[in-house]
Structure formats: C-alpha cells, structure tokens
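A.B. asks: Mind looking over this structure? Questions follow.
Each reported figure results from applying straightforward, stated rules to the coordinates on display, with no laboratory input. Quick caveat, the model's predicted, so the values are computed rather than measured. As a convention, Cβ positions derive from the backbone with ideal geometry for all residues, glycine included, and neighbour counts pool all protein chains shown.
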C-alpha cells in the first residue's frame, strides 16, 4: 500500500483545498502506478505549526506561506 505524506504550514489550505490535494495526488500517482495501487494509496496532509518550519535558515510562518500563494 503506497503512502504519500505532504507537509504544509497550518492555516494555508482550507479543508476543501486539502481534500482536492488528496484527490489529485492520488489520481496522479495512479496514472503512473496503475489502478490497483491508486485504489490502495494513502495520502496524509500534516500541518506544521507556524514558525516551526525552516527554509533557507529562516523560520516560515503561515503569513509567509499565504504571501507566497498570493504571488502565484
């Protein structure tokens, strides 16, 4: 059973967006791996607390991630 873990900062994605991410990641994996593995794929989204994720030596906040999303 394939397991895919995705880590994001808390508060960046709505519940609806997280459901869409899970569905699309599963679909994408299945397109490569086949229907049997797609049907048995587990996708988990882990939300990391704001300020507890470092990138380039600096702690990122939810506000930082929201600003990145706004830029496209």
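A.B. asks: Scan (1) part of a helix (DSSP H, G or I); (2) surrounded by 12 or more Cβ atoms within 10 Å (Cβ to Cβ) for the single condition residue 4 breaks and write down its number.
C.D. replies: For residue 4, the failing item is (1).
A.B. asks: Quick one: would you say residue 25 is at negative phi and touching a helix residue (DSSP H, G or I) at 6+ places or on another chain (Cβ under 7 Å)?
C.D. replies: Numbers: at negative phi: yes; touching a helix residue (DSSP H, G or I) at 6+ places or on another chain (Cβ under 7 Å): no.
Against the criterion (at negative phi and touching a helix residue (DSSP H, G or I) at 6+ places or on another chain (Cβ under 7 Å)), residue 25 does not qualify.
A.B. asks: Going through region 11-22 one residue at a time, which ones are loosely packed, with under 15 Cβ neighbours inside 10 Å and in contact with a helix residue (DSSP H, G or I) (Cβ under 7 Å, 6 or more places away or on another chain)?
C.D. replies: 11
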